[in-house]
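Beneath this line is the structure, given in structure tokens, with notes to follow.
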Amino acid sequence: MKFTQTGTFRENFLEESSTLNLKNQIHAILLDKLDYFIGYVSKEKSEVMNDYVENLTKKYQGLVEKDFWENATGVIEEIFAEYENLNQFPDLNKASLNYLFHLLQFKDKDEWDNAEAEISMRALIETWVFPAYYYLEALTETIDRKEAVKLFKQYITNYYIDRPSPDREESFSLEKMLTKRLSGDTTSSEWVMVHTMLEEGKYAFKNKTCPTCVDAMIKLPDTELKYLACCYGDYEKFRSYYSDHIILTMEHTLMQGEPYCSRVLHDTRVNYDLRHPPKEFWDNFEPGKEEEAMKYYKI
């Protein structure tokens, strides 16, 4: 057994530039999940729906200084035309778009028409993760926090259940996945990770950095909500993206203040023992420390 590290920490990664075609990507970035969430809350907690939408609308409004869409009703209606749930709440639609433009640091709504906008990686990542943090926060302020957390977990799990990747392969295997991750230039990724196959059908990997969530969300105060908005969906996402037979276990995360994220993907066709290795294993899960780490595996 061999432990292999990939990736290189880049201190200024979030300030690097990226390009975004917002017209093409806004559905994946914001609208698909927000529409599903509004529909899910409406189905499960219809009695609080109006209060919740009002709270979320006010929250988004309070996060921006400029109204980009003051006189653009027709454009907004066109953007949201396909969203059955969001279409019931035009004020929320406008507020969510204003917040998105605020995160992207756009100067005016004309930038909506740009084929490609150059933005920072920080701004791009914030558009993916900040809105969910706030629509979860608004829910905790509308209903009991424990109930809100439970509802959010159900929502994000069902979101991925309903959207299995069209690219899933019948012949998918964790061994092939690892081989692909260790091929080519393994230093170029900003994610610093350690990988190994613990045994057949059990791929372990440790994230030592998380520039796309932990670093980008550092200024947001609520650790639990950050974990839910960024990390919790991974449990169903891996199964949805790769195979019904794949189950993720994860017991430590950078987002929750641990020094790493500990993850194992289990192929249940091979082995349904889902026990997660103890912390002592993960502490020693470093190249060159294979013998020491494996002393703690399956204890």
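The values are calculated or read from the model by the stated rules, or taken from the named source; none is laboratory data. If you're wondering where the values come from, they're calculated on a predicted model, not measured in any experiment. All Cβ positions, even for glycine, are placed from backbone atoms using ideal geometry, and neighbour counts span all protein chains on display. Surface accessibility is based on the protein's heavy atoms, side chains included, excluding ligands, DNA and RNA. Shrake-Rupley method; radii C 1.70, N 1.55, O 1.52, S 1.80 Å.
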Take the solvent-accessible surface of the protein heavy atoms, probe 1.4 Å, and return the percent of it on the range 175-299 that carbon and sulfur atoms account for.
50
Farthest positive-ward along the chain dipole, Cα basis, beta-carbon charges - from Val264, Leu30, Gln88
Val264
Label-point separation in nm, Lys153 to Thr8, each point 7 Å along Cα→Cβ
4.0
With the charge dipole of the range 101-250 built from beta-carbon charges (+1 for Lys and Arg, -1 for Asp and Glu) about the Cα centre, the Cα from Trp128, Tyr227, Phe101 projecting farthest to the positive end belongs to Tyr227
For the range 202-223 and the range 250-289, distance of Cα centres in Å
15
Students sometimes get this wrong: rank Lys66, Lys33 by accessible area, probe 1.4 Å, all chains present, largest first.
Lys66, Lys33
Distance histogram in 5 Å bins (all Cα pairs of the range 120-179, percent per bin):
4, 13, 14, 14, 16, 15, 12, 7, 3, 0
State in Å² the accessible area per residue of the chain; use a 1.4 Å probe, count heavy atoms of protein chains only, and round to the nearest integer.
50
Can you sort Val194, Val270 by solvent-accessible area, 1.4 Å probe, largest first?
Val270, Val194
Mind ranking 251-259, 97-105 by how tightly packed they are, going by the mean number of other C-beta atoms within 10 angstrom, highest first?
97-105, 251-259
Under unit Cβ charges (Lys, Arg +1; Asp, Glu -1), what dipole magnitude, rounded to 20 debye, does the range 1-68 have relative to its Cα centre?
260
If I take R0 = 30 Å and measure r between the Cβ atoms of Glu44 and Leu274 in this structure, what FRET efficiency does the formula 1/(1 + (r/R0)^6) give, to the nearest 0.05?
0.60
Could you tell me how many degrees, from 0 to 90 and to the nearest 10, lie between the Cα long axis of helix 90-104 and the main elongation axis, the longest principal axis, of the Cα atoms of the chain?
60
Trypsin sites (Lys or Arg not before Pro) lying in DSSP loop within the range 167-207, provided at most 14 other Cβ fall within 10 Å
Arg168
Highest GNM mean-square fluctuation, the chain, Cα pairs closer than 10 Å: which of Glu78, Glu147, Glu280?
Glu78
For Lys219, placing the label point 7 angstrom along Cα-to-beta-carbon and taking the range 98-120, residues whose amide nitrogen sits under 11 Å are 103
Over the chain: helical MRE at 222 nm, DSSP H runs n ≥ 4 each giving -39500 (n - 2.57), nearest 500:
-12000 deg cm²/dmol
Along the positive direction of the dipole of the range 138-241 (beta-carbon charges: Lys, Arg +1; Asp, Glu -1; about the Cα centre), which of Trp191, Ile161, Ile218 reaches farthest?
Ile218
Determine ³J(HN,Hα), in whole Hz, for all residues of the range 29-39 in sequence, where each value follows from phi through the Karplus function 6.51 cos²θ - 1.76 cosθ + 1.60 and θ = phi - 60°; x replaces Gly and Pro.
5, 10, 6, 4, 6, 5, 5, 5, 5, 4, x
Please identify the trypsin sites (Lys or Arg not before Pro) of the range 207-259 that satisfy two criteria: DSSP loop assignment and at most 16 other Cβ atoms within 10 Å. Which are they?
Lys219
For the range 185-196, in residue order, the Karplus 3J(HN,Hα) values (coefficients 6.51, -1.76, 1.60; θ = phi - 60°; whole Hz; Gly and Pro = x) are 7, 8, 9, 7, 5, 7, 7, 8, 9, 10, 10, 6
Relative to the Cα centre, what is the charge dipole magnitude of the chain, using +1 at the beta carbon of each Lys and Arg, -1 at the beta carbon of each Asp and Glu, and rounding to the nearest 20 debye?
940
Any chance you could give the angle, 0 to 90 degrees and rounded to 10, that helix 49-62 forms with the longest Cα principal axis of the chain?
90
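Size of the dipole of the range 168-213 about the Cα centre, Lys and Arg at +1 and Asp and Glu at -1 on the beta carbon, nothing else charged, in debye to 20?
Charge dipole of the range 168-213: 160 debye, to the nearest 20.
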